[in-house]
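The values are calculated or read from the model by the stated rules, or taken from the named source; none is laboratory data. Given the structure is predicted, the values throughout are model-derived calculations rather than measurements. For neighbour counting, all protein chains shown are included, and Cβ atoms are generated from backbone atoms with ideal geometry for every residue, glycine included.
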Amino acid sequence: MAEQTPSYDILLIGAGFSGITLLHTLRQHGYTSCRIYESAGDLGGVWHSNTYPGCRVDTEGSIYQLSIPEVYSTFSFSEKYPSADEVREYFAHVERVLDIKKDVELGVTVTGAWFDVSAEGERKWRVETADGRVTHCRFLISCVGSSAQRYVPDIPGLESFQGEVCHSADWPKGGVDVTGKKVAVIGTGASGVQIIQSWAKEADNLVVFQRTPNLALPMQQESFSPELQKKVQEDLPRVFADRQKTWSGYLDESNPAKTFDVSPEEREAHFEALYEQGGFAFYLAGYSDLLTDETANREAYNFWLKKTRARITDPRKRDILAPLDPPHPAGAKRSSFEQDYFEQFNRENVQLVNLRETGKGIKAVRPEGIETEDGTVYPLDVIALATGFDSLTGSLTCIPGLRNTSGVTLAEEWAKDGASTYLGLTRRGYPNMFLCYSVHGPAALSNGPASIEIQAKWIVDAIRKIDESGLSYIEPTEEAEKTWKATINMITDMTLIPKADSWYMGANIPGKKREMLNFPGGLPMYEQMCRKVLENWEGFVTV
C-alpha cells in the first residue's frame, strides 16, 4: 500500500517530454528524492492520448526528440514526420533506456496544491491528489504541457445524439470504425485535418463543419530506408546543437531579405523551393518581413492560394477552403500540415459546411444528426469534435485546488487579470514552483523538445543554486511579472500575430481573455534573458 503522507524533495506533475527531461536532469545532479505524478496510464503526455486517426507530429522526428545520447543513439524514426504510434514507441524506448517509471506513479491526478509560508510551517508544498493522498515536497514542478485540457464547445443537444461522439483529445481506446457510415467532423485545425484525411476515404458520407479555413501547408512526408535512418542518426549531435541556435528550435532560418527587395522571379522561385521542402519552412525560412508587413504577408498568401486552389475542383468549396481574401495573416496561427487534405473535398462523399455563412451555423445536435440554423438536418452516425484545447493556461487552471499563498486559486487569478508569470518559469504567490513548456515561455512558437531542454536546465540550475545558497524558497516579484508580460506584448505587437484569432492568443475559447500566451522573441533571446536572471536572482524575492 502506498504511503499515506509521502514526502519528496521534488514533485513533478506530468510524464511527457518535460517531466522526463527534468527527472533525468535532476538524477544527473544527484537529486534522488524525486517523484512524478501522471494522471494517464503511461508515459508520453499528450502523445499517450493522441490516438485519433491520421495523428502524427508536425515536426521532423530528427529534431522532435531528446538530446540524450543513450536514447537517440539507439532509436530512429522510420518517417520524416512520425506517426503518433511511433512517438509512443519512442517513449517506450526512453523508458527502457532511462528507467523513468521507477520514479513515476501513473493514474495519479493532482487536484490541489499550496505552499505553506507561515513561520511555524514547514515551508513546503502540500499537494493533494484524487485518491485522497497528501504529498509534501520542497519543490513543485508543473510539466503538464500546453495541451492538457480539451475544449468541448457548448452545442445544444450534444448529449441527446444517439450515435457516437468522440473528441480528438480523448479518442475511444478501440478506435472508431466509420466504414459505410455517415460522419461529421466539427473543426478544421490540425486534428481536424488529419481526421478528415482518414475518414473521407472510409466513410459513406463525411460532412465537414468549418469555421475558419485552414491555411495548411504540404507536409512532404517521406519514408526512411534503413540506410537513411542510420545517416540521420549519425548527424543528430550536429542537429541538436543547431536547433538550439535558431529562433524556433527548428533548423530553418529566416531569409534576411525583405519580400520586395528581390525580383518577382526570385521571389516565386524562393516560395516554390520552400513549398516543396514542406513543413514550417514556408514561413520559418521565408522573407524577414513575413510576419511584420501585411503587404509582404499577402504576397506569401497569394502563392499558397494559387497552389491550393489548383487542387480543388468545386468552385464553391474552393472559395470556402482557400478564399481570395485571407481569413488572417499567413503564419499568424500555428500551421497545420497536410498530405492530401484538399483533394478529399473533390470526393463526392464529402460535404463542406461554412459555419460563417448565413443560416449555416450549428443550431443544435439532434438525436439523429446536426441541424443548422436554416433548418437543414445532416443525418449522422458519428460526430468527431476536433475542437482542440484550452491551451497553455487551461493545463494549469484545470487543477481546481492549485492556489497561491493567499488562498486564491490560479484559475480565479487568471480569469480576473489574465495570465501572469515571470520568465514563463515561475509565478508570484507560488514559491518554489516552476513551470516547464507553459504560459509565457517559447512553448507553441517553438520545437517542444528544444525549448523544454532550455527550461529544464534553468529549473535544475535554479534548484541547485537555492540549495547551495542555503535559501528556503524564491518567489518572483509583482514588478518582475509585469515587466515580463510587457516585454511579451511589446514584441508581439511588432508582428501580425494579434490579427489572428488563434489559440496563441487564447482566442479559441469563449470568454477567455484575448492575450499573447507565448514568448515570441525566439529561443536564443529567451535563453539569454533567463540565464542572466539566474546570476543574481534579478526579479525574485529570496527567503
Among Pro449, Pro431, the single one that is part of a helix (DSSP H, G or I) and touching a residue at least 60 places away in the same chain (Cβ under 8 Å) is Pro449
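Conditions (1) of a type outside the set (Lys, Arg); (2) modelled with pLDDT of 95 or more; (3) within 30 Å of Gly278 (Cα to Cα); (4) part of a helix (DSSP H, G or I), marked per residue:
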{"position": "Phe77", "(1), (2), (3), (4)": "yes, yes, yes, no"}
{"position": "Tyr81", "(1), (2), (3), (4)": "yes, yes, yes, no"}
{"position": "Phe91", "(1), (2), (3), (4)": "yes, yes, yes, yes"}
{"position": "Arg96", "(1), (2), (3), (4)": "no, yes, no, yes"}
{"position": "Ala113", "(1), (2), (3), (4)": "yes, yes, no, no"}
{"position": "Arg126", "(1), (2), (3), (4)": "no, yes, no, no"}
{"position": "Thr135", "(1), (2), (3), (4)": "yes, yes, no, no"}
{"position": "Ile141", "(1), (2), (3), (4)": "yes, yes, no, no"}
Hey, can you tell me all the residues within region 366-403 that are basic (Lys, Arg) and touching a strand residue (DSSP E or B) at 6+ places or on another chain (Cβ under 6 Å)? Arg403
Total residues in region 139-172, condition crowded, with 22+ Cβ neighbours inside 10 Å and either over 16 Å from the mean Cα position of the chain (by Cα) or farther than 24 Å from Met505 by Cα (or both): 3
So which of Leu534, Leu471 ends up being over 27 Å from Ser288 (Cα atoms), more than 20 Å from the chain's Cα centre (by Cα) and in a loop (DSSP other than H, G, I, E, B)? Leu471
Residues being surrounded by 15 or more Cβ atoms within 10 Å (Cβ to Cβ) and touching an Asp or Glu at 6+ places or on another chain (Cβ under 8 Å): count how many of those fall in region 223-245. 2
Is it the case that region 499-510 has a residue that's assigned to a helix (DSSP H, G or I), farther than 24 Å from Phe434 by Cα and either modelled with pLDDT of 95 or more or among the charged types (D, E, K, R) (or both)? yes
For region 246-294, give me each residue that is basic (Lys, Arg) and buried (at least 18 other Cβ atoms within 10 Å of the Cβ). Arg267
Region 98-111, residues that are under 30 Å from Ser472 (Cβ atoms) and either of a type outside the set (A, V, I, L, M) or not in a loop (DSSP other than H, G, I, E, B) (or both): Ile100, Lys102, Asp103, Val104, Glu105, Thr109, Val110, Thr111
Breaking point among (1) of a type outside the set (Phe, Trp, Tyr); (2) loosely packed, with under 13 Cβ neighbours inside 10 Å; (3) in a strand (DSSP E or B), for Gly175: (3)
Determine which single condition Val460 fails, assuming it passes every other condition in (1) in contact with a His (Cβ under 8 Å, 6 or more places away or on another chain); (2) surrounded by 24 or more Cβ atoms within 10 Å (Cβ to Cβ). (2)
Under 7 Å between Cβ atoms, at least 6 apart or on separate chains: pull out the pairs that start in region 190-215 with a residue that is more than 15 Å from Val350 (Cα to Cα) and at pLDDT 95 or above and end on any residue that is in a helix (DSSP H, G or I) and aliphatic (A, V, I, L, M). Pro213/Ile320; Pro213/Leu321; Asn214/Val193
Subset of region 404-418, residues among the small types (Gly, Ala, Ser), touching a strand residue (DSSP E or B) at 6+ places or on another chain (Cβ under 8 Å) and assigned to a helix (DSSP H, G or I), comes to Ala411
Could you tell me how many of the residues in region 479-513 are within 15 Å of His440 (Cβ to Cβ), of a type in the set (D, E, K, R) and exposed (fewer than 14 other Cβ atoms within 10 Å of the Cβ)? 1
State all residues of region 415-426 that are out of contact with any Phe, Trp or Tyr (no Cβ under 9 Å at 6 or more places or on another chain) and crowded, with 20+ Cβ neighbours inside 10 Å; if no residue qualifies, say none. Ala419
Spot the failing condition for Asp417; the list is (1) among the charged types (D, E, K, R); (2) closer than 20 Å to Arg123 by Cβ; (3) free of Cβ contacts under 8 Å to residues at least 12 places away in the same chain, and only one is missed. (2)
Would you confirm, using the coordinates I've provided, whether Lys512 is over 16 Å from Leu425 (Cα atoms) and touching a residue at least 12 places away in the same chain (Cβ under 8 Å)? yes
Looking only at region 441-457, and only at residues there that are closer than 16 Å to Met529 by Cα and of a type in the set (S, T, N, Q), the one that is surrounded by the fewest Cβ atoms within 10 Å (Cβ to Cβ): Gln455
Matching residues, region 279-304, being more than 16 Å from Pro264 (Cβ to Cβ), among the hydrophobic types (A, V, I, L, M, F, W, C) and free of Cβ contacts under 8 Å to residues at least 60 places away in the same chain: Ala281, Leu284, Ala285, Leu290
Positions within region 412-427 being more than 18 Å from Phe540 (Cα to Cα) and within 20 Å of the chain's Cα centre (by Cα), in sequence order: Trp414, Gly418, Ala419
